[in-house]
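One structure is given below, encoded as structure tokens.
The values are calculated or read from the model by the stated rules, or taken from the named source; none is laboratory data. The structure presented is a predicted model; accordingly, all values stated were derived computationally and were not measured. Please note: Cβ atoms are built from the backbone with ideal geometry, for glycine as well, and neighbour counts cover all protein chains shown. The protein model used for the area step is the full one, side chains on, heavy atoms only, and it has no ligands, DNA or RNA in it. Shrake-Rupley method; radii C 1.70, N 1.55, O 1.52, S 1.80 Å.
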Amino acid sequence: MLKVTRKTKQVDIILDQELAEHIAMLGDQLARELTAEQVTEAGANNAAKRTAKRIEELRKQAEASTLVITLRAMGVSKWAQTLAANTVTNGATAGTRDMFGTAATALPQMIETATIGGKPVDDADLTKDALLTLFDEMTDGQFTPLWHAINELNGTVADPKAAFDLASKVLHN
């Protein structure tokens, strides 16, 4: 029997916006500290180590409010149907896609697992309507990684023929 293996991707979304922003701010601070190269005689950047330790502490704190979703790419016709159902067909905005509608339609079909704080998310929270409500509460920074994962899994052209043809020309000429 022929079997297609579709890509999967895990997305972690910290639902506590204040905590997520604090962690991101510390990440920026850590990057600055690492590029400052404040190395002591012992060879360690103590400021960077303190910041990294604080980030790790906050990661543990964030686990209880982190939505962890494992997504699997949709089959081509399901993805095409999802896009068509969420594209404006008339008026001045014809051809525009409803990003939130697309995500809310696709996700229930893509979710392999969903947990929060290590516990399974109730199926009622993973319906199109429940997801649209969740998206309304999210910031762009919380929604964007989810949107990118949906597009990465479903919108990528995976036809290796051109690569095979080019490799063949290089090797046989």
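Cβ contacts < 6 Å: first residue at negative phi, restricted to segment 84-97; second residue exposed (fewer than 10 other Cβ atoms within 10 Å of the Cβ) and of a type in the set (Val, Ile, Thr), any location; separation 6+ or different chain. Result?
none
Looking for whichever is open to solvent by 60 Å² or more (accessible area, probe 1.4 Å), among the hydrophobic types (A, V, I, L, M, F, W, C) and part of a helix (DSSP H, G or I) here; the options are ALA162, ALA130. Which one fits?
On the way: ALA130 fails: open to solvent by 60 Å² or more (accessible area, probe 1.4 Å).
After ruling out the rest, the residue left standing is ALA162.
What residue, among those in segment 1-28 that are more than 26 Å from VAL121 (Cβ to Cβ) and open to solvent by 60 Å² or more (accessible area, probe 1.4 Å), is modelled with the lowest pLDDT?
Applying the filter and picking the extreme gives VAL4.
Go through segment 91-127 residue by residue and tally those that are aromatic (Phe, Trp, Tyr) and outside any helix (DSSP H, G or I).
Residues of segment 91-127 that are aromatic (Phe, Trp, Tyr), as a first pass: 100.
Next, from what is left, pick out any that are outside any helix (DSSP H, G or I): none.
Residues in segment 91-127 being aromatic (Phe, Trp, Tyr) and outside any helix (DSSP H, G or I): 0 in total.
Any idea which residue in segment 113-127 is surrounded by the fewest Cβ atoms within 10 Å (Cβ to Cβ), counting only those that are closer than 17 Å to ILE14 by Cα and small (Gly, Ala, Ser)? Even if it seems obvious, please write down each step before you answer.
Let us first name the residues in segment 113-127 that are closer than 17 Å to ILE14 by Cα, namely 113-121, 125-126.
From the residues that got through so far, the ones that are small (Gly, Ala, Ser) too are 114, 117-118.
Details: ALA114: 18, GLY117: 12, GLY118: 9.
It comes out as GLY118.
For segment 40-90, name all the residues that are over 21 Å from ALA114 (Cβ atoms), of a type in the set (Gly, Ala, Ser) and either modelled with pLDDT of 80 or more or assigned to a strand (DSSP E or B) (or both).
Within segment 40-90, ALA47, ALA48, ALA52, SER77, ALA80, ALA84, ALA85 qualify.
Which of the residues that make up segment 45-54 are loosely packed, with under 15 Cβ neighbours inside 10 Å and charged (D, E, K, R)? Even if it seems obvious, please write down each step before you answer.
Here is the first cut: in segment 45-54, the residues loosely packed, with under 15 Cβ neighbours inside 10 Å are 46, 49-50, 53.
Within segment 45-54, LYS49, ARG50, LYS53 meet the criteria.
Run down THR156, THR133, THR96 and say which single residue is modelled with pLDDT of 90 or more and of a type in the set (Ser, Thr, Tyr).
Among THR156, THR133, THR96, only THR133 is modelled with pLDDT of 90 or more and of a type in the set (Ser, Thr, Tyr).
Residue-wise test of (1) open to solvent by 30 Å² or more (accessible area, probe 1.4 Å); (2) within 14 Å of ALA149 (Cα to Cα); (3) not hydrophobic (A, V, I, L, M, F, W, C).
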position: GLU56; (1), (2), (3): yes, no, yes
position: ILE69; (1), (2), (3): no, yes, no
position: MET74; (1), (2), (3): no, yes, no
position: THR82; (1), (2), (3): no, no, yes
position: THR87; (1), (2), (3): yes, no, yes
position: GLY95; (1), (2), (3): yes, no, yes
position: GLY101; (1), (2), (3): no, no, yes
position: ALA104; (1), (2), (3): no, yes, no
position: ILE111; (1), (2), (3): yes, yes, no
